[in-house]
């Protein structure tokens, strides 16, 4: 019964986006001479996470040429980025039979399957993608997530390491490897890796929370609760209290959980459930 309020694993291209669905593009055509420039603009928007904007650009290209493979691929990636996993899978399936898109289409299908919680299909597609292209770090990251879900820690950490070999400066990948190590009971190694992630993305709340969890797992509750913003205090105190309970530090756990309830009424339910679990644990010990 986990009552830790933290999104531990960071996903790329799988989270739902609050952006509204884009309006259909107007029936205008893109001159052939400008197609490469328009495609570059779409790719730039997509790379910066402006998926709805990029989608409209790619759709303009498809009005000119419905068989434009680069634009079709862009649409599929945008669907994935917008959280429209089923539409993304359909779009990746429809990519032309072209060697340029074979590996990335398999990767896209695998990521879409993962978002749809179809784990077996996801694993199959992602493994096939990495067999074709070892540099597909998003595939390795997703395979790491799948292995973590199966509690296969060695496999997960191998996958994250391969992802990092292809993209060594990714805060997300260092975070995911660190959290996998934390799950497998390697708290010291987890702290090392998550600290790398913090250095690369110091303002990422998920990464900060994971570092706090790692400190708490070591029993370093002071470091786990230092410098917490007021609006995050209830969540952090609840999380640290839960970890202390799992460590058997029951008195410490009760203190942190009570403080969490004091800080925010919104955490009354979560923290109170943890307190009930704590009481049951105390009863078992007594």
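None of the figures in this text is laboratory data; all of them are computed from the coordinates on show. Since the structure is predicted, the reported quantities are computational estimates derived from the model, not experimental observations. Cβ coordinates were reconstructed from backbone atoms using ideal geometry, including for glycine residues, and neighbour counts include every protein chain displayed.
The angle between the Cα long axis of helix 171-183 and the main principal axis of the chain comes to about 40°, on a 0 to 90 degree scale. Multiplying each eigenvalue of the alpha-carbon gyration tensor of region 219-286 by 5 and taking the square root yields semi-axes of 20, 14, 7 Å, largest first, rounded to whole angstroms. One equal scatterer on each Cα of the chain, no solvent, Debye formula: the resulting log10 I(q)/I(0) at q = 0.10, 0.15, 0.17 Å⁻¹ is -0.63, -1.10, -1.26. Annotation: peptides 190-199, 174-183, ranked by per-residue average of other Cβ atoms within 10 Å with the highest first, follow the order 174-183, 190-199.
Largest GNM mean-square fluctuation across 138, 100, 119, computed for the chain with C-alpha springs under 10 Å, falls on 100. When the P(r) of region 184-244 is calculated, the portion above 17 Å amounts to 34% of the C-alpha pairs.
Which of 269, 255, 90 ends up with the largest GNM mean-square fluctuation for the chain, with Cα atoms connected below 10 Å? Evaluated over the chain, the most mobile residue of the options is 269. Taking the chain as a Gaussian network of alpha-carbon nodes connected by springs under 10 Å, the highest mean-square fluctuation of the residues 202, 154, 99 belongs to 99. Going by alpha carbons, how many degrees (0 to 90, nearest 10) lie between the helix axis of 233-247 and the longest principal axis of the chain? For helix 233-247, the angle is close to 70 degrees. Packing around the peptides 69-75, 140-146, 162-168, 46-52, taken as the average count of other Cβ atoms within 10 Å per residue, puts them in this order, highest first: 140-146, 69-75, 162-168, 46-52. Translational diffusion coefficient of region 78-180 (Stokes-Einstein, Kirkwood radius from Cα pairs, 4 °C, 1.567 mPa s): 96 µm²/s.
With angles folded into 0 to 90 degrees, how steeply does helix 153-166 sit against the dominant principal axis of the chain? Use alpha carbons for both and round to 10. So the helix axis and the longest Cα principal axis differ by about 50 degrees. When you restrict to C-alpha pairs under 8 Å that are six or more residues apart and normalise by the size of the chain, the relative contact order lands at 13 percent.
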